[in-house]
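Engineer: Quick one: the structure is below, questions incoming.
The values are calculated or read from the model by the stated rules, or taken from the named source; none is laboratory data. Treat the numbers as computed from the prediction; the structure is a model and nothing was measured. As a convention, Cβ positions derive from the backbone with ideal geometry for all residues, glycine included, and neighbour counts pool all protein chains shown. Heavy atoms of the whole protein, side chains included, go into the accessibility calculation; ligands, DNA and RNA do not. Shrake-Rupley method; radii C 1.70, N 1.55, O 1.52, S 1.80 Å.
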Amino acid sequence: MPTIHSNDPGPSNDAGPSNDPGPSNDPGPSNDAGPSNDPGPPGGAREIDAVLVVSFGGPEGPDDVMPFLRNVTRGRGISDKRLAAVAEHYHLFGGVSPINQHNRDLIAALSDELARRGAALPVYWGNRNWSPMLADTVAQMRDDGISRAMGFVTSAFGSYSGCRQYSEDIERARAAVGPDAPVIHKLPPFWDQEGFLSAKADRLAAARQDEPTAPVVFTAHSIPESMAATAPYVAQLNEACRRVATRTGASEWCLAYQSRSGPPQVPWLEPDIGDELERLASEGADAVIVAPIGFVADHMEVIYDLDIEARQRAEAVGLRFTRVPTVGTHPAFVEMIADLVLAPPPAPCPADCCLR
């Protein structure tokens, strides 16, 4: 989401916090299966009767924009005047965030993939900040007779806003529905899964065909340094970037951050994408490829913060600008989700992982 200054770290990203990692010597997956719900049937078998896709949510028309932004920033004391400035970014696109349509497309693709495998499970969808709201979806699942579901969150990397907070959201929704709410096993972040990495590498390789010598700048949502210190976000991002760059033969690459939304006096992860573009130009580059690895959909923080703001910054310093699409509904990514849904359950993450 475009910048909102406040005393709170702010929303992570329009498609669901893009993560959070911090210093860690082990870039391994955070394996957060959510607040322990139900360990599942004995012996490791996963007997589920539905899938729940959980995401951030976004407005679907001009009248939705301000109510959506108020939901995102609830309790942070941000004025409507400030929110109105951010709302203009959405109004450039008719007041519609692409994230909801992306999730519809992803659900359709996942449903088809599960059916192809003979596991035609219903796929539900619930958001943190806009319709369909998560608690409403969990209530519908209860009414439909769902007892146990696998939850897939559209956030690839481990952080409070990108992982633990979604676990809390799921538990809060279940509590609101009551004792008959279905058990929901939250899948861990998927930053190191083959389907995610190969899909991202495929997208980057296609972009490099036109600019084979251009440096690659991977981007992810910036988060406060204090939040990063409790999570594997930075380590996971660097390792994922390295793996994707290696697969595509991109020898010159770096990781930059975007879309910070906190007050200037609070340290957030750097370098900022704009500063990296200026650095590359000062060092003689004439083109750049920007690859938003921290986002799985071309939502508002991609189409505004990169396609408009970062592109303008690049052009101002004389850089040809290419932006790599996100994984979206790439077949390898959809197959990965189906694999995770149907595989044995992962181990839970440590109790002190991804604290706020």
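Engineer: State the number of residues belonging to region 204-228 that are crowded, with 22+ Cβ neighbours inside 10 Å and part of a helix (DSSP H, G or I).
Structural biologist: Result for region 204-228: 3.
Engineer: Also, quick follow-up: Looking only at helices (runs of 4 or more DSSP H) that lie completely in region 47-144, which have at least 3 residues being modelled with pLDDT of 95 or more and under 24 Å from Ser259 (Cβ atoms)?
Structural biologist: Fully inside region 47-144 and qualifying: 65-72, 80-91, 99-116.
Engineer: Only residues in region 272-300 that are without any contact (Cβ under 8 Å) to a residue 60 or more places away in the chain count as the first member; pair them with residues that are open to solvent by less than 10 Å² (accessible area, probe 1.4 Å) and among the aliphatic types (A, V, I, L, M), Cβ under 6 angstrom, at least 6 apart or cross-chain, and list the lot.
Structural biologist: Ile273/Ala256; Ile273/Ala310; Glu276/Val217; Glu276/Ala256; Ala281/Leu319
Engineer: Could you pull out the residue among Ala173, Ala156 that is crowded, with 20+ Cβ neighbours inside 10 Å and under 20 Å from Met336 (Cα atoms)?
Structural biologist: It is Ala156.
Engineer: Going through region 173-188 one residue at a time, which ones are within 21 Å of Thr154 (Cβ to Cβ) and assigned to a loop (DSSP other than H, G, I, E, B)?
Structural biologist: Across region 173-188, the qualifying residues are Pro182, Leu187, Pro188.
Engineer: For region 68-109: of the residues being of a type in the set (S, T, N, Q) and touching a residue at least 12 places away in the same chain (Cβ under 8 Å), which is surrounded by the fewest Cβ atoms within 10 Å (Cβ to Cβ)?
Structural biologist: Within region 68-109, the match that is surrounded by the fewest Cβ atoms within 10 Å (Cβ to Cβ) is Asn71.
Engineer: Can you tell me which residue among Leu255, Leu197 is in a strand (DSSP E or B) and within 17 Å of the chain's Cα centre (by Cα)?
Structural biologist: Leu255
Engineer: A further question follows. Assuming Ala135 fulfils every condition listed in (1) open to solvent by less than 20 Å² (accessible area, probe 1.4 Å); (2) farther than 19 Å from Met336 by Cβ; (3) in contact with a strand residue (DSSP E or B) (Cβ under 8 Å, 6 or more places away or on another chain); (4) not polar (S, T, N, Q) apart from one, which condition is it?
Structural biologist: The number of the failed condition is (1).
Engineer: Something else: Residues being open to solvent by less than 30 Å² (accessible area, probe 1.4 Å) and either basic (Lys, Arg) or within 22 Å of the chain's Cα centre (by Cα) (or both): count how many of those fall in region 110-121.
Structural biologist: The total comes to 2.
A quick yes/no check of all residues on (1) touching a Lys or Arg at 6+ places or on another chain (Cβ under 7 Å); (2) under 18 Å from His299 (Cα atoms); (3) of a type outside the set (A, V, I, L, M, F, W, C):
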| residue | (1), (2), (3) |
| --- | --- |
| Leu106 | no, yes, no |
| Gly118 | no, no, yes |
| Pro122 | no, no, yes |
| Gly126 | no, yes, yes |
| Met141 | no, no, no |
| Gly145 | no, no, yes |
| Arg148 | no, no, yes |
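Engineer: While we're on this one: It is to be established whether one or more residues within region 229-242 are β-branched (Val, Ile, Thr) and touching a Cys at 6+ places or on another chain (Cβ under 8 Å).
Structural biologist: yes
Engineer: I've got another one for you. Can you list the helices (runs of 4 or more DSSP H) found entirely within region 258-353 that contain at least 2 residues being in contact with a Phe, Trp or Tyr (Cβ under 8 Å, 6 or more places away or on another chain), within 23 Å of Phe157 (Cα to Cα) and open to solvent by 60 Å² or more (accessible area, probe 1.4 Å)?
Structural biologist: none
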